[in-house]
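The structure appears below as structure tokens.
Coordinate-derived values only; no laboratory data. The shown structure was predicted, so the numbers you read here are calculated from the model rather than taken from an experiment. So basically every Cβ, Gly included, is an ideal-geometry build from the backbone, and we count neighbours across all protein chains shown.
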Amino acid sequence: MKYFTPELYQQFNSFDVIEAERADEAWDQAEVAYRERLTSIRDHLPSQVVKLSELCLHDALVVSREEQAQPAGELPFIDRDYPFPFLWSAVAIVSVTLGEQVVSLIYCLSDHLTTKPAPEGWRFSKIQEQWLYDEVDVLNDRRGLFVHRILLSTGVTLEIPFVSVIIHRFTVPVVTNLAKQSA
Amino acid sequence: MARRRKKPQKEASAEPQPAAPQHIYEARLGTNGAVIRVLPPIDQVQAIVIRQRDGNVVVCGPNKTANSVMARDIEQAANGHWKRCRPHINAGPNALPHYQPDPRGQTIGHTFYETDTKHPL
């Protein structure tokens with residue numbers, strides 16, 4: 001995380017009121033800086049990445065996150081003597097629930113997803129993994145490469161480098177007693 | 001004749017400041033993250049009971065820090081472990097910072113507090 005860092009979140013939650021209020025002010029500045037960054041890169045973002053940057057998944061329960069890489073086959077237009085004649089494709093899927101709604105973020109990766117552990121002294125529960133804050137950015141200022149950084153309630157940070165993303169939403173119907181009886 | 005000691009003058013800033021008036025309300029959620037107060041105001045004990053039933057409450061007053069501390073105390077008394085959250089940047093213009101149980105579990109309630117720039121309706 002560049003703006004909403006786990007350390008800043010920890011300070012914002014400090015039992016020391018002065019430290020907590022200082023972090024509150026720092027968070028204000030981080031929000032301004034992040035908004036300015038988003039504005040400056042917005043013209044370089046495809047519509048799906050803009051949608052990703054406008055999502056609010058705060059408090060959503062992370063039910064699944066995984067990465068899968070597989071060979072996409074030999075590249076016919078590259079000489080076999082070339083050291084890397086094979087193309088690999090990798091996908092990461094992060095699924096969260098918000099009430100009855102499931103939101104899956106399906107990323108076509110440009111590199112491996114990285115996971116950073118919680119900073120030392122992370123005092124929050126690790127029983128459930130919930131979405132806290134996230135940032136969307138362009139990767140190394142290169143057009144067509146993006147990164148999604150996600151801070152989870154366990155203090156873990158995900159950094160997902162990607163070229164495209166699909167946001168898939170669906171609702172899981174509530175199983176009523178009547179439906180249970182008829183089954 | 002003994003000299004009378006001059007009493008040290010109290011500085012103005014050392015005067016006890018009157019406590020900023022604070023009010024607690026039960027709250028319901030509106031659109032764009034809005035927090036809507038339910039009149040009349042309630043006391044701290046009632047707020048704790050509402051939070052224990054997973055409802056929403058909001059602490060209002062001119063001093064943001066005092067509001068935050070009061071909200072923290074309510075959440076602490078109601079649920080024990082808490083975490084303090086700023087509204088997500090995309091949560092909507094009317095969203096308020098709040099305290100909530102940690103871990104969240106199946107609960108949905110919050111203890112919101114008013115700030116200099118974010119106010120309940």
Could you say whether any residue in region B:66-74 is more than 14 Å from chain A (Cβ to nearest Cβ), buried (at least 18 other Cβ atoms within 10 Å of the Cβ) and among the charged types (D, E, K, R)? no
Region B:79-103: number of residues that are in a loop (DSSP other than H, G, I, E, B), within 20 Å of residue A:15 (Cβ to Cβ) and either within 8 Å of chain A (Cβ to nearest Cβ) or touching a strand residue (DSSP E or B) at 6+ places or on another chain (Cβ under 7 Å) (or both): 5
Candidate set from region B:47-102 (those that are in contact (Cβ under 8 Å) with a residue 12 or more places away in the chain and hydroxyl-bearing (Ser, Thr, Tyr)); member that is nearest to residue B:33 (Cα to Cα): B:99
Scanning region A:56-68 for residues that are under 17 Å from residue A:135 (Cα atoms) and either surrounded by fewer than 18 Cβ atoms within 10 Å (Cβ to Cβ) or away from chain B (no Cβ under 11 Å) (or both) gives A:56, A:62
Can you pull out every residue in region B:104-116 that is within 9 Å of chain A (Cβ to nearest Cβ), in contact with an Asp or Glu (Cβ under 9 Å, 6 or more places away or on another chain) and more than 14 Å from residue B:59 (Cβ to Cβ)? B:104, B:108
Looking only at residues in region A:5-41 that are within 14 Å of residue A:53 (Cα to Cα) and of a type outside the set (D, E, K, R), which one is nearest to the other protein chains (Cβ to nearest Cβ)? A:34
Tell me, please, whether a residue that is more than 14 Å from chain B (Cβ to nearest Cβ), aromatic (Phe, Trp, Tyr) and within 14 Å of the chain's Cα centre (by Cα) can be found in region A:90-109. yes
Hey, does region B:113-120 have a residue that's more than 13 Å from the chain's Cα centre (by Cα) and either under 20 Å from residue A:18 (Cβ atoms) or among the hydroxyl-bearing types (Ser, Thr, Tyr) (or both)? yes
Just the residues that are more than 14 Å from chain B (Cβ to nearest Cβ) and closer than 14 Å to residue A:65 by Cα, please, taken from region A:121-160. A:156, A:157, A:158, A:159, A:160
Out of (1) surrounded by 14 or more Cβ atoms within 10 Å (Cβ to Cβ); (2) within 29 Å of residue A:168 (Cβ to Cβ); (3) away from every other protein chain (no Cβ under 11 Å), the odd one out for residue A:71 is which? (1)
Do any strands (runs of 3 or more DSSP E) lying entirely in region A:111-164 carry at least 2 residues that are among the polar types (S, T, N, Q), and which ones are they? A:114-116
Among what's in region A:6-49 and is in contact (Cβ under 8 Å) with a residue 40 or more places away in the chain and not in a helix (DSSP H, G or I), pick the residue that is surrounded by the fewest Cβ atoms within 10 Å (Cβ to Cβ). A:46
